[in-house]
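Below is one structure; the comments refer to it alone.
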Amino acid sequence: MPSLLPTYKNLVLYAALSLLLTLLLSLLRAPVLFLRGLFTYIHPENLGQGASQPGLRAAIRRPSSDPSSGLNGYQNLTASAAAAANAEVRKRGRSKEKFEFDENNAQIFRLKLDEAHLESRIYFGEYGSVFALSLVGVSCAALNLCLGGGGGGGGGPEDGGVLADGSLIPVLFGCLAVAKWFLALAKASFERSASRRSEKQLSLCFGVLGFIAGLFICSSLARSSLDFDLGAVDGFCAILIAGSMGCLAGYLYMPAAKSARAFWLGTDQIRSNLSIISCGWFARMVLFATYLSSIFTALLWINPLAKMLVNERLGDGRVGSLSGDGGDADRLLGNVGMSRSDFTKFRLWCLLISSVLQIAAFRSIFQMYLNEAVLSWYQRLHSSRVPDLDFSRAKVFLHNHYLCLTILQFLAPPSLALLFLGLSQIEGNPFGKSNMLCGQLPCSAFLKQVALLMAWWVVFVWTVFASATLVLYRRGFLYVS
């Protein structure tokens, strides 16, 4: 038994790390702790007209839920009843009764997010599970980098096979977390009342476009534009990769639009001068840094910029000269920049930093999204002398009801990018001695390239959707209400 410990040392370390993280997340209630200090809002309605029903009640209710009203759901009117109703409306319109504004129905309340409130929201279970799986998957990938892959023991991986190497464990956790994220995003995208029908249709269109773009990337048509080495991908793998890219493009459209709207409010682009709507100067710096780093990272795998930043002559004894014969400006490409290995590490660090910045900016973005309901209430409150607050009341209710769904959507891009980045950096041989080939590459190398492609695709799609939405807000085609 003691002789087996050096052989399976890596496996023991992965298991200990997974169990420890799971225990800590459960004891500390990390998903709730991550949201501590944030606020949501409720817009109640004062129905205390009788002694039996005093105080505040829920804002959104069915017509039949009010016992004081004579409605029993929605009823069809007969011709005589419709004529009587129309006469009553005309008589009411001709009356010169003075309307008085009831301030009790215009109040909005701020609530601190606590465990009881979060657990009562839908999608809280999905949020807790993907939070734990993502953290365990990223931590196992980081441990794999620290261990340097396999080996490290007396017997070596050749004595114990795949389990002794241990690199299969972070692959399994990473793939499980990615699959869980896909299922959660699919469920959230088809939620009936969480988004408009037009947004769902646009998500479907972008998903189809993402699938077509994935087919182009897997083929040789886009190899000259993107710096990825997938080798010769067969038909089944190409369809699988393109389908995953299409799903990500469809799933991330609505979260990116929400995030851009929150960014628009948080940086006070509408000039509302309301301190409760926008965020402070430090949070704004984080938001701008996150957005700019995402743009820069998305461009690093596009070949014109990649060729400009890589010096192809480093390492072969030749140094490019700007005063060479011909003086062609194209000689700048390949003569300036860093070496290929340094540029590869630089791109990975940029991908890591942009994902970490998105997580750091999550609390500000999510709070600005919740503050959008306050802006809607404020606009309706000052729109007329007798404001109609039904729209703002419904918006506040929906923001509060689908709170955990929005958390899932905002955390999905950085979490997926980190998971795919971790899968692309797995050291060792997770598939053991089986020399399986995926196209022209071994499966381990092919997995790394596909994972890196998917990590870049998440950042690229999110950046494109957010930038396009911000441009539409800037040009006045979209507005926050």
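Pairing each residue of the range 289-309 that is farther than 15 Å from Trp457 by Cβ with any residue that is of a type in the set (A, V, I, L, M) and open to solvent by less than 20 Å² (accessible area, probe 1.4 Å), provided the two are 6+ apart or on different chains, yields C-beta distances under 6 Å for Thr290/Ala361.
Looking across the range 222-240, the residues that are within 24 Å of Phe343 (Cα to Cα) and without any contact (Cβ under 8 Å) to a residue 60 or more places away in the chain come down to Ala222, Arg223.
State whether one or more residues within the range 149-168 are modelled with pLDDT of 90 or more, out of contact with any helix residue (DSSP H, G or I) (no Cβ under 7 Å at 6 or more places or on another chain) and within 27 Å of Leu352 (Cα to Cα). First the steps, then the outcome.
Here is the first cut: in the range 149-168, the ones modelled with pLDDT of 90 or more are none.
Scanning the range 149-168 turns up no residue that is modelled with pLDDT of 90 or more, out of contact with any helix residue (DSSP H, G or I) (no Cβ under 7 Å at 6 or more places or on another chain) and within 27 Å of Leu352 (Cα to Cα).
Test Ala262 against the stated conditions and say whether it is at pLDDT below 95 and either within 23 Å of Arg197 (Cα to Cα) or not charged (D, E, K, R) (or both). Steps first, answer last, please.
Values: at pLDDT below 95: yes; either within 23 Å of Arg197 (Cα to Cα) or not charged (D, E, K, R) (or both): yes.
Here the answer is yes, as Ala262 does meet what is asked.
For Leu292, the conditions (1) closer than 30 Å to Phe190 by Cα; (2) at pLDDT 80 or above all hold with the exception of (1).
Restricting the range 2-43 to residues that are modelled with pLDDT of 85 or more and among the charged types (D, E, K, R), the residue that is farthest from Leu398 (Cα to Cα) is Arg29. Restricting attention to the range 395-431, the residues that are over 30 Å from Gly148 (Cα atoms) and in a helix (DSSP H, G or I) total 15.
Matching residues to (1) buried (at least 20 other Cβ atoms within 10 Å of the Cβ); (2) under 19 Å from the mean Cα position of the chain (by Cα):
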site: Cys247; (1), (2): no, yes
site: Lys258; (1), (2): yes, yes
site: Gln269; (1), (2): no, no
site: Leu274; (1), (2): no, no
site: Gly280; (1), (2): no, no
site: Leu287; (1), (2): yes, yes
site: Ser293; (1), (2): yes, yes
site: Phe296; (1), (2): no, yes
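Which is polar (S, T, N, Q) and either exposed (fewer than 15 other Cβ atoms within 10 Å of the Cβ) or under 30 Å from Thr22 (Cβ atoms) (or both), of Ser203, Ser195, Ser224?
Details: Ser203 fails: either exposed (fewer than 15 other Cβ atoms within 10 Å of the Cβ) or under 30 Å from Thr22 (Cβ atoms) (or both); Ser195 fails: either exposed (fewer than 15 other Cβ atoms within 10 Å of the Cβ) or under 30 Å from Thr22 (Cβ atoms) (or both).
Only one candidate qualifies: Ser224.
Filtered by the rule that a residue be within 12 Å of Leu248 (Cα to Cα) and of a type in the set (S, T, N, Q), the range 203-221 gives a lone residue, Ser203.
Out of the range 377-422, which residues are among the polar types (S, T, N, Q), touching a helix residue (DSSP H, G or I) at 6+ places or on another chain (Cβ under 7 Å) and at pLDDT 80 or above? Lay out the reasoning, then the answer.
Residues of the range 377-422 among the polar types (S, T, N, Q): 379, 383-384, 392, 400, 406, 409, 415.
Keeping just the survivors that are touching a helix residue (DSSP H, G or I) at 6+ places or on another chain (Cβ under 7 Å) gives 392, 406, 409, 415.
Thr406, Gln409, Ser415, listed by residue number.
The values are calculated or read from the model by the stated rules, or taken from the named source; none is laboratory data. What you see is a predicted model, and the numbers here were worked out from it, not measured in a lab. Because the Cβ atoms are built from the backbone with ideal geometry, glycine has one as well, and the counts that use them run over all protein chains shown. For accessibility, only protein heavy atoms count, side chains too; no ligands or nucleic acids. Shrake-Rupley method; radii C 1.70, N 1.55, O 1.52, S 1.80 Å.
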